[in-house]
Amino acid sequence: MKSSISYEQLNAVATEYGTPLYVYHAEKITSQYQNLLSNFSPKNTRIFYACKSLTNIHILDVVKRAGCNIDCSSINEAKLALHVGFAPENILYTSNSVSFEEICEAVNLGVNVNIDSLSNLEKFGAKFGSNYPVGVRVRPNIMAGGNLKISTGHDKSKFGIPVTQLVELKAIQAKYNINIATLHIHTGSEIKDVSVFIQSADVFDTLLDQFPTVNVLDFGGGFKVPYQPNEKGTDIALLGAEVDKAITSLSEKYGRPLTAWFEPGKYMVSESGYFIAKVNVLKKSGDIEFAGIDTGLNHLIRPMFYDSYHHIDNISNPMGATKQYAVVGNICETDTFAWDRAIPEIKEGDFLVFYNAGAYGYEMASNYNARYKPAQVLFENGVAKLISRRDTFEDLLSLQVPLNK
Ligand SMILES: *Cc1c(COP(=O)(O)O)cnc(C)c1O
């Protein structure tokens, strides 16, 4: 896989800042957003970066400087976005299973709000009536996404208000005269098939005449990015053209201008990220050669959590002849990153790089086994800068009440 940060640059920051280390490339994030801008019609589309994929404020600042809006999954993410300087109207807060108090807080901050349960919608109506335009997340009962763990729109999913409860939804809307401005559907992650988004447009088509105040159709996120060499992601040009067609025709049919919103997380930052680890131990066992590295599922859980694939290179010996390795972590769990992977020949002390580490990598990291969370570095204009430091031993103790000895 071609890296836009060179092996030399990766080796240099791994040596300077130590491993394990997350490294990001600002220009890649900006170019991903530019690619969306150039393929979606600017007059009827807005893009909101789903920041739960990577929330470091320096990354949010890159996204903001690119001109992109931001989608938040918690009130604290919304506060981080405000901290970085996003205007409230450019912040979207999509809640699920949150307390009504958190929704009130979002209203107080003045951000766009999507509600995903009849219970919270009822409380919202009772408190705000028609005063605050709001979005409702509906669950279309569509099976989509890379696998069940990352599929969110199917008929057993916890997300959204099931389309089968339309009568109840309408009754609550009417009772409080709620100004429903947005219909929202997010069916899952790693959706390669453009027709899934068009299926969402078909669901919107069945709802629009019952929601005369709706002027935004929010299609969620979930664009697939390539993980394996030569793999293809979502065809953004095709998606942009199809969505433009759908929005234009729905706007005409219902006699009001409609805008499409999208909430890509992975698409924006996955490929901008590199995770570097050092090989501590080589161990032979029968046919298997284990490469034991200085990290584990505490720092990159996706392979164990979702069976996700991360391409691995040996940046200490990138041109070497390949051998088969099982790449395993140092945590007391079976944290295997790759079972039988061709990698240029490894020596102890070599640096390995995991690609596609920008989204849901550091963000899901923990201190399991009382290990330090890695540092993060951002390359911009060819210059590397530290954007969060590695933990220290004091950090491990910092929240704990001292022993009285
Ligand atoms: C997680 C999430 C996204 C982003 O998903 P990606 O696969 O990273 O693009 C967008 N919208 C909502 C509501 C989400 O929960």
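On the given criteria, is LEU10 within 16 Å of the ligand (Cβ to nearest atom) and assigned to a helix (DSSP H, G or I)?
So LEU10 does not fit the description; no.
Report, by residue number, each residue of the stretch 89-103 that is of a type outside the set (Val, Ile, Thr), in a loop (DSSP other than H, G, I, E, B) and either within 15 Å of the ligand (Cβ to nearest atom) or touching a residue at least 12 places away in the same chain (Cβ under 8 Å) (or both).
SER95, ASN96, SER97
Yes or no: LYS158 within 12 Å of the ligand (Cβ to nearest atom) and open to solvent by 60 Å² or more (accessible area, probe 1.4 Å)?
yes
Could you list, in sequence order, all residues of the stretch 373-399 that are in a loop (DSSP other than H, G, I, E, B) and among the aliphatic types (A, V, I, L, M)?
Hit for the stretch 373-399 is LEU399, nothing else.
Within the stretch 104-133, restricting attention to residues that are among the aliphatic types (A, V, I, L, M) and away from the ligand (no atom under 15 Å from the Cβ), which residue is surrounded by the fewest Cβ atoms within 10 Å (Cβ to Cβ)?
Out of the qualifying residues, it is ALA126.
Before we move on, is ASN314 over 22 Å from ILE5 (Cβ atoms) and polar (S, T, N, Q)?
Answer is no for this residue.
Just checking, which of LYS175, LYS149 is in contact with a helix residue (DSSP H, G or I) (Cβ under 7 Å, 6 or more places away or on another chain), within 16 Å of the ligand (Cβ to nearest atom), open to solvent by 40 Å² or more (accessible area, probe 1.4 Å) and part of a helix (DSSP H, G or I)?
LYS149
Does any residue of the stretch 108-124 turn out to be in contact with an Asp or Glu (Cβ under 6 Å, 6 or more places away or on another chain), of a type in the set (Asp, Glu) and touching a residue at least 40 places away in the same chain (Cβ under 8 Å)?
No: zero hits.
Considering only the stretch 254-270, I want to know if a residue exists there that is surrounded by fewer than 23 Cβ atoms within 10 Å (Cβ to Cβ), outside the structural domain of ASN369 (by TED's automatic domain parsing), free of Cβ contacts under 8 Å to residues at least 40 places away in the same chain and more than 13 Å from the ligand (Cβ to nearest atom).
Within the stretch 254-270, one or more residues are surrounded by fewer than 23 Cβ atoms within 10 Å (Cβ to Cβ), outside the structural domain of ASN369 (by TED's automatic domain parsing), free of Cβ contacts under 8 Å to residues at least 40 places away in the same chain and more than 13 Å from the ligand (Cβ to nearest atom).
Mind checking which strands (runs of 3 or more DSSP E) fall wholly inside the stretch 245-357 and carry at least 3 residues that are under 30 Å from ASP71 (Cα atoms)?
Once the strands (runs of 3 or more DSSP E) in the stretch 245-357 are filtered for at least 3 residues that are under 30 Å from ASP71 (Cα atoms), what remains is 259-262, 273-285.
Please count how many residues of the stretch 179-224 are surrounded by 20 or more Cβ atoms within 10 Å (Cβ to Cβ) and either among the charged types (D, E, K, R) or in contact with an Asp or Glu (Cβ under 6 Å, 6 or more places away or on another chain) (or both).
So the answer is 7.
Take the residues in the stretch 278-312 that are touching a residue at least 60 places away in the same chain (Cβ under 8 Å) and of a type in the set (Gly, Ala, Ser); name whichever of them is surrounded by the fewest Cβ atoms within 10 Å (Cβ to Cβ).
The residue in question is SER308.
Being more than 16 Å from the ligand (Cβ to nearest atom) and β-branched (Val, Ile, Thr) is the filter here, so list the residues in the stretch 234-253 that pass it.
Answer for the stretch 234-253, where residues must be more than 16 Å from the ligand (Cβ to nearest atom) and β-branched (Val, Ile, Thr): ILE247, THR248.
What number of residues in the stretch 195-237 are acidic (Asp, Glu) and part of a loop (DSSP other than H, G, I, E, B)?
Looking only at that region, the number is 2.
Go through ASN39, ASN11, ASN35 for me and flag whichever is touching a helix residue (DSSP H, G or I) at 6+ places or on another chain (Cβ under 9 Å) and surrounded by 16 or more Cβ atoms within 10 Å (Cβ to Cβ).
So the residue among ASN39, ASN11, ASN35 that is touching a helix residue (DSSP H, G or I) at 6+ places or on another chain (Cβ under 9 Å) and surrounded by 16 or more Cβ atoms within 10 Å (Cβ to Cβ) is ASN39.
Can you find even one residue in the stretch 66-88 that is within 11 Å of the ligand (Cβ to nearest atom), assigned by TED's automatic domain parsing to the domain that holds GLY221, polar (S, T, N, Q) and part of a helix (DSSP H, G or I)?
No: zero hits.
Could you look through the stretch 351-405, keep only residues that are of a type in the set (Asp, Glu) and either out of contact with any Pro (no Cβ under 9 Å at 6 or more places or on another chain) or open to solvent by 60 Å² or more (accessible area, probe 1.4 Å) (or both), and pick out the one that is farthest from SER4 (Cα to Cα)?
Filtering first and then ranking leaves GLU394.
Quick one: ALA144 ticks every box in (1) among the small types (Gly, Ala, Ser); (2) at pLDDT below 95; (3) out of contact with any helix residue (DSSP H, G or I) (no Cβ under 7 Å at 6 or more places or on another chain) bar one, so which box is it?
Result: ALA144 fails condition (3) only.
Looking only at the stretch 36-65, how many residues end up being in a loop (DSSP other than H, G, I, E, B) and over 24 Å from VAL23 (Cβ atoms)?
5
The values are calculated or read from the model by the stated rules, or taken from the named source; none is laboratory data. What you are looking at is a predicted structure, and each value in this text was computed from that prediction instead of being measured. Here the Cβ is made from the backbone with ideal geometry for all residues, glycine too, and neighbour counts use every protein chain on show. With ligands, DNA and RNA removed, areas are computed over all heavy atoms of the protein, side chains included. Shrake-Rupley method; radii C 1.70, N 1.55, O 1.52, S 1.80 Å.
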